[in-house]
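**Student:** I am attaching a structure below and will ask some questions about it afterwards.
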Amino acid sequence: MLASGFAGLGYQIIWTQQSALWLGHDSAAVLAVVAAFFGGLALGALAMGPKIARSKQAVRWYALCEALIALWGLLLIVLMRPVSDWLLSITGVQPSPLWQWLVAFSGTFFVLLPATAAMGATLPAMQRLSAEIRAQGRSIAVLYAANTLGAVIGVLATAFWLIPELGLLYTTLVCAGLNLLCACAALVALPRKVALASSQRPQATLSQPDELMRLVLTGLLGIGYEVLVIRVLSQVAEDTVYTFAILLAVYLLGTALGAAIYQRWFADAANPEKLSDKLLSGLALACMSGTLSLWLSEPFKRLLLASFNINMVTAIGIEAMLALAAFALPTMVMGALFSHLCAGANAAGISFGRALGVNTLGAAVAPPLFGVLIAPWLGPKLALLLVAMGYLALTSSRAWRTSSVWLPAVMVLALAVWAPPLAFVDIPEGGKLVSYKEGVMAAVSVVEDANGVARLRINNRQQEGSSSSLLVDGRQALLPLLLHPAPQQVLFLGLGTGVTASSAAQEAALQVDAVELLPEVIQASGYFRQVFAGGNPKPQLHLMQADARRYVKSTAQSYDVIVSDNFHPARSGSGSLYTVEHFQDVRTRLRLGGLFCQWLPLHQLDLETLRSIVQAFIAVYPGGWGILASNSLETPVLGLVGQAVNSNFNVQQVGKRLHTIVLAKSPAAFGIEDEFALLGSFVAGPNALARFAGSAAANTDDHPVVAYHAPRITYAPESLPRERLTGLIQALAIEPSEIIDSSTNTAWKQRLAAYWLARNRYIEVGRNVRPSANVTDMLAQVREPLLSVLRISPDFRPAYDPLLRMAAALARTDAYAARALLTELAQIQPARPEAISALQQLTLSAP
């Protein structure tokens with residue numbers, strides 16, 4: 001029972017990870033796999049339960065089912081990818097929401113059905129075998145405890161150890177091995193034949209339809225509560241693969257403990273119907289208690305974060321405490337109620353297999369009903385209160401005359417009317433909420449601070465960009481676009497604020513496609529696109545609501561340039577966009593001479609996880625390069641650039657493209673004034689990337705290193721982004737011969753090499769600078785370091801421009817010091833007129 005429980009929940013974690021690859025989002029995969037799991041359990045229990053009840057060979061049934069689970073788990077290793085590809089083709093490039101969810105739920109159900117149905121059949125078989133054990137006067141409580149303990153260990157071990165270390169293939173082999181061990185152990189250790197169950201029926205307290213309806217609806221409401229709580233806590237917790245594992249483990253422990261308490265103290269209740277009413281009304285109160293804890297979860301988390309020295313263990317412990325607050329009491333009552341309803345079903349002459357089947361059938365309906373329909377429609381608050389009211393509605397009419405039922409009902413109505421929504425949006429002091437939209441997979445908000453800076457967030461945790469980073473976001477479009485000599489069609493994977501795609505759409509002759517999974521993000525991005533474009537829509541910008549992986553794999557369209565957004569590596573499903581398989585699919589969509597740029601948020605990545613992503617990238621693009629989106633120390637973004645057919649860049653061609661492109665905002669407005677600013681953004685050549693990746697494991701669909709390693713820095717950052725950037729710069733290197741072709745003269749190559757050295761020095765200098773509003777204090781920190789950078793490369797404008805601005809500010813209070821600084825700037829870079837012009841103005845204005 002321990003091994004069987006371990007394997008069953010281990011498979012659930014594995015199949016959720018595998019399904020997320022074609023469903024596009026971990027949240028969608030959780031809903032689909034949970035529904036498929038319970039649907040299969042229901043079918044197995046209902047179809048096979050009666051046959052097992054009539055058979056004397058229950059042990060053979062059990063062994064056969066365990067062997068079938070193992071066999072199908074092994075077959076899915078081979079079948080999952082082609083079946084997923086087939087389901088993708090059925091889903092289509094841009095499916096309607098109805099069709100997408102229909103394929104998601106039905107496809108996942110049928111793919112997992114042989115194994116899940118066998119799991120459902122093992123439970124009636126074990127019930128038959130345990131009945132024989134009970135007949136021998138021995139307790140079976142230890143068997144049920146072992147099964148639940150195995151399930152909890154399976155969830156935690158699979159998520160925290162097996163998949164990160166072994167990958168999905170070998171983790172599946174472990175689970176299949178445990179199933180086969182169960183089959184063999186059962187045949188060896190358990191009785192070959194058991195007596196048929198007695199046909200004598202106890203006196204029924206309720207009719208069979210009433211008992212069955214209660215079992216169906218309690219299954220529906222119980223899993224509905226689980227789906228809703230996970231949805232809400234994803235806005236408070238870090239929403240990683242570990243978050244789901246913790247929530248599931250707490251849910252399992254609570255139901256097991258509730259079942260044990262029922263068996264110990266309430267199984268022999270004198271009035272079963274009265275106990276049913278008490279459990280149902282108690283469960284309604286418990287659900288309200290858990291719902292109330294959700295309103296307090298954000299301040300509670302902040303209090304704990306302020307009280308402890310945070311590392312990954314304590315951070316995950318805090319998530320476990322949030323899960324306990326929401327799940328502990330409700331799941332304990334759920335476990336007791338299910339045990340009681342099974343006993344009532346037996347009293348009504350309903351077999352355990354049938355009781356289990358109808359209960360899990362209700363549970364299977366909960367993910368699509370509550371997750372896809374009710375939560376986005378009513379919001380999480382009303383949906384959770386609907387669950388509580390649903391339990392009260394199942395009590396008897398007699399119970400409604402008592403305060404134990406009508407009092408909770410009044411409380412539900414009061415919360416529905418006066419309690420605030422269960423929406424978590426951090427609004428800074430003096431700021432305002434611009435928009436908020438609750439979607440099927442996430443909640444998306446736009447918040448503006450007191451200075452008018454707007455930010456787009458997903459689930460309040462994941463920032464997708466802001467109005468203060470418009471120019472940097474635009475660079476992430478223009479840098480790869482300017483490297484291609486004549487792009488006609490470009491694809492952006494991920495939309496965010498929409499500024500990156502909108503920057504590309506400035507070029508009138510360019511057709512721009514942008515793919516975004518969440519329709520709420522597309523809607524929210526309109527605010528930022530309007531600010532960027534001045535309210536002028538770009539007809540050549542085509543926004544598509546679709547999953548990036550599904551689109552790349554399914555579309556027949558090819559592109560000159562593909563730009564992939566800097567997805568948060570630890571968040572739902574994002575790790576799959578950094579795999580070898582995805583990079584290979586992207587390459588098939590590039591035209592001859594096409595270019596791919598994958599942006600990476602270094603401020604959200606540790607260097608070890610970055611090595612795995614780089615390893616995956618160079619496996620597909622061995623001649624690839626590294627490039628910086630900007631010189632930002634707080635939010636550094638690294639790009640990996642690869643070509644369909646690798647070739648170095650021609651400087652004359654790059655210059656022609658740069659100086660002839662027609663944009664509403666010129667490349668210079670984005671800090672790309674000349675060829676040095678463009679090609680000077682490169683930080684690594686192919687050799688340096690290979691050395692940096694070293695022996696790191698490549699991120700693949702089978703070994704999802706990023707999804708399981710990236711959360712470490714999310715839970716407990718061990719370094720600052722500026723420290724990671726400087727560490728990366730020190731680990732990388734590039735030579736002009738790795739990026740520009742041999743036709744370029746030696747002097748130009750030397751200037752480019754000097755530009756790179758100046759850029760690296762500039763970043764190192766900035767690491768220790770502390771911003772100050774006082775120009776004198778600021779100049780004291782940066783004057784000599786920036787002048788030294790310019791002496792390395794007079795072409796490096798990021799060092800020239802701030803000194804020029806500070807000289808202008810200094811001229812108001814200390815003209816002599818301003819003149820000295822401008823003189824030095826003019827001497828270092830005589831080719832630029834700004835310092836010379838400022839000196840002349842200063843001289844003319846002197847008294």
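The values are calculated or read from the model by the stated rules, or taken from the named source; none is laboratory data. Note that the structure is predicted; figures quoted are calculated from it, not measured. Note: ideal-geometry Cβ built from the backbone for every residue, glycine included; neighbour counts use all protein chains shown. Side chains are part of the model used for accessible areas, which takes the heavy atoms of the whole protein and leaves out ligands, DNA and RNA. Shrake-Rupley method; radii C 1.70, N 1.55, O 1.52, S 1.80 Å.
**Student:** With every protein chain left in place and a probe of 1.4 Å, what is the accessible surface of residue 437, to the nearest 10 Å²?
**Tutor:** Roll a 1.4 Å probe over it and residue 437 shows about 90 Å².
**Student:** How large a share of the accessible area of region 1-94, in percent, is made up of carbon and sulfur atoms when the probe is 1.4 Å and the other protein chains stay in place? The partial results should precede the final answer.
**Tutor:** Details: 2310 of 3230 Å².
Solvent-exposed carbon and sulfur of region 1-94 make up 72 percent of the total.
**Student:** Could I ask something else about it? Per residue of region 540-551, in order, report the coupling 6.51 cos²θ - 1.76 cosθ + 1.60 (Karplus, θ = phi - 60°) as ³J(HN,Hα) in whole Hz, putting x for Gly and Pro.
**Tutor:** The phi angles translate into 7, 8, 10, 8, 10, 8, 6, 6, 4, 5, 5, 5 Hz.
**Student:** Pull up the DSSP beta bridges for the chain and report the antiparallel fraction as a percent, rounded to 5.
**Tutor:** Working: 28 of 48 bridges.
Around 60 percent of the beta bridges assigned by DSSP in the chain are antiparallel ones.
**Student:** Further question: Which angle from 0 to 90°, rounded to the nearest 10, does the C-alpha axis of helix 380-393 make with the longest principal axis of the chain?
**Tutor:** 0
**Student:** Provide Rg over Rh for region 610-748; use the alpha carbon set for both Rg and the Kirkwood Rh (inverse mean inverse pair distance).
**Tutor:** Numbers: Rg = 16.9 Å, Rh = 16.8 Å.
Computed over Cα atoms, the ratio is 1.01.
**Student:** So what are the ³J(HN,Hα) numbers for region 72-87, from phi and the Karplus equation (6.51, -1.76, 1.60; θ = phi - 60°), rounded to whole Hz, Gly and Pro as x?
**Tutor:** With the stated coefficients, region 72-87 comes to 5, x, 5, 5, 5, 4, 8, 7, 4, 5, x, 5, 5, 4, 5, 5 Hz.
**Student:** How big is region 529-594 in terms of Cα radius of gyration and Dmax, in angstroms?
**Tutor:** 14.2, 39
**Student:** Continuing with the same structure: Heavy-atom accessible area of residue 398 with all protein chains present, probe 1.4 Å, nearest 10 Å²?
**Tutor:** 110
**Student:** Could you grab the relative contact order for the chain? Cα pairs under 8 Å, six or more apart, rounded to a whole percent. Don't jump to the answer; show the numbers that get you there.
**Tutor:** Details: 1482 pairs, mean separation 101.5, N = 847.
It comes to 12 percent, rounded to a whole number.
**Student:** Ok, one more. For region 357-508, what does the convex hull of the Cα positions come to per residue, in cubic angstrom? The partial results should precede the final answer.
**Tutor:** On the way: hull volume 25.2 nm³, N = 152.
It is 166 Å³ per residue.
**Student:** Give me Rg/Rg_expected for region 615-677, where Rg uses Cα atoms only and Rg_expected = 2.2 N^0.38 Å with N residues. Display every interim value, and only then the final one.
**Tutor:** On the way: Rg = 14.2 Å, N = 63, 2.2 N^0.38 = 10.6 Å.
It is 1.34.
**Student:** Heavy atoms only, 1.4 Å probe, whole protein assembly: order 105, 160, 308 by accessible area, highest first. Before the final figure, lay out each step's value.
**Tutor:** Values: 105 30, 160 75, 308 110 Å².
The ranking, largest first, comes out as 308, 160, 105.
**Student:** For region 409-495, what mean projected area does the convex hull of the alpha carbons give, in nm²?
**Tutor:** Details: hull surface 34.1 nm².
Reported value for the Cα convex hull: 8.5 nm².
**Student:** Here's a follow-up. Where does helix 775-792 land angle-wise versus the long Cα axis of the chain, in degrees 0 to 90, nearest 10?
**Tutor:** 70
**Student:** Ok, one more. Computing the accessible area with a 1.4 Å probe over protein heavy atoms, can you report the carbon and sulfur percentage for region 282-366? Intermediate results must be reported in sequence, preceding the final value.
**Tutor:** Numbers: 2240 of 3030 Å².
Ligands and nucleic acids excluded, carbon and sulfur give 74 percent.
**Student:** Answer rounded, prolate or oblate for region 509-622, using the Cα gyration tensor with square roots of eigenvalues a ≥ b ≥ c: rounded when a/c is under 1.5, else prolate when a/b is larger than b/c, else oblate. Intermediate values should be presented prior to the final figure.
**Tutor:** On the way: a/c = 1.93, a/b = 1.34, b/c = 1.44.
Oblate, because a/c is 1.5 or more while a/b does not exceed b/c.
**Student:** So what is the orientation-averaged projected area of the chain, using the convex hull of its C-alpha atoms, in nm²? Intermediate results must be reported in sequence, preceding the final value.
**Tutor:** Values: hull surface 153.1 nm².
For the chain, the mean projected area of the Cα convex hull comes to 38.3 nm².
**Student:** Calculated from DSSP H runs of 4 or more alone, at -39500 (n - 2.57) each and per residue, what is the 222 nm mean residue ellipticity of the chain, nearest 500?
**Tutor:** Values: 31 runs with 525 residues, N = 847.
Rounded to the nearest 500, it is -21000 deg cm²/dmol.
**Student:** Another question, if that's okay. So between residue 809 and residue 673, what do we pick up on full extension, going 0.36 nm a residue minus the alpha carbon distance? Each step should come with its number before you reach the end.
**Tutor:** Working: separation 136, 0.36 × 136 = 48.96 nm, distance 2.37 nm.
Gain on extension, residue 809 to residue 673, equals 46.6 nm.
**Student:** Could you please state how large a percent of the accessible area of region 630-674 is carbon and sulfur, counting protein chains only and using a 1.4 Å probe?
**Tutor:** Values: 1030 of 1930 Å².
Ligands and nucleic acids excluded, carbon and sulfur give 54 percent.
**Student:** Sticking with this structure for a sec: To the nearest 10 degrees, how steep is helix 403-418 against the longest Cα principal axis of the chain, on a 0 to 90 scale?
**Tutor:** 20
**Student:** What does the accessible area of residue 182 come to, in Å² to the nearest 10, when a probe of 1.4 Å is used?
**Tutor:** 10
**Student:** Next question, about the same structure. Work the Kirkwood hydrodynamic radius out for region 360-448: mean of 1/r over every pair of different alpha-carbon atoms, inverted, in Å.
**Tutor:** Final number for the Kirkwood radius of region 360-448 is 15.4 Å.
**Student:** Same structure, new question: Which of the three applies to region 668-785, rounded, prolate or oblate, going by the alpha-carbon gyration tensor with a ≥ b ≥ c and a/c under 1.5 meaning rounded?
**Tutor:** Details: a/c = 2.44, a/b = 1.12, b/c = 2.17.
Judged from the Cα gyration tensor, region 668-785 comes out oblate (a/c at least 1.5, b/c at or above a/b).
**Student:** Excluding residue 432 itself, calculate the net charge of residues whose Cβ lies under 9 Å from the Cβ of residue 432, where each Lys or Arg counts +1 and each Asp or Glu counts -1. Write down the numbers at each step before the final one.
**Tutor:** On the way: positive: none; negative: 448, 449.
It works out to a net charge of -2.
**Student:** Right, something else. Lysine pairs, Cα distance under 16 Å, 8 or more residues apart or cross-chain: how many in the chain?
**Tutor:** Numbers: 51/193; 56/193; 381/437; 538/665.
Value for the chain: 4.
**Student:** With a 1.4 Å probe and every protein chain left in place, work out the accessible area per residue of the chain in Å², rounded to a whole number.
**Tutor:** Details: 33500 Å² over 847 residues.
In whole numbers, the chain has 40 Å² accessible per residue.
**Student:** Moving on to the next point. What are the residues whose amide H is under 5 Å from the amide H of residue 649, where those residues sit 5 or more places off or on another chain and H is modelled from the backbone?
**Tutor:** Residues meeting the criterion, in which the H sits 1.01 Å from N, are 740, 741.
**Student:** Lys and Arg at +1, Asp and Glu at -1: add these up for the other residues within a Cβ distance under 10 Å of residue 344 and post the number. Spell out each step's value before the answer.
**Tutor:** Numbers: positive: 214; negative: 210, 211, 273.
Here the charged neighbours net out to -2.
**Student:** Oh, and also: At 1.4 Å probe size, put 793, 743, 293 in order of accessible surface, largest to smallest.
**Tutor:** So the residues, ranked largest to smallest area, are 743, 293, 793.
**Student:** Could I ask something else about it? Classify region 711-847 as rounded, prolate or oblate from the Cα gyration tensor: take a ≥ b ≥ c as the square roots of its eigenvalues, call it rounded if a/c is under 1.5, otherwise prolate when a/b beats b/c and oblate if not.
**Tutor:** Numbers: a/c = 3.59, a/b = 1.30, b/c = 2.75.
Oblate, because a/c is 1.5 or more while a/b does not exceed b/c.
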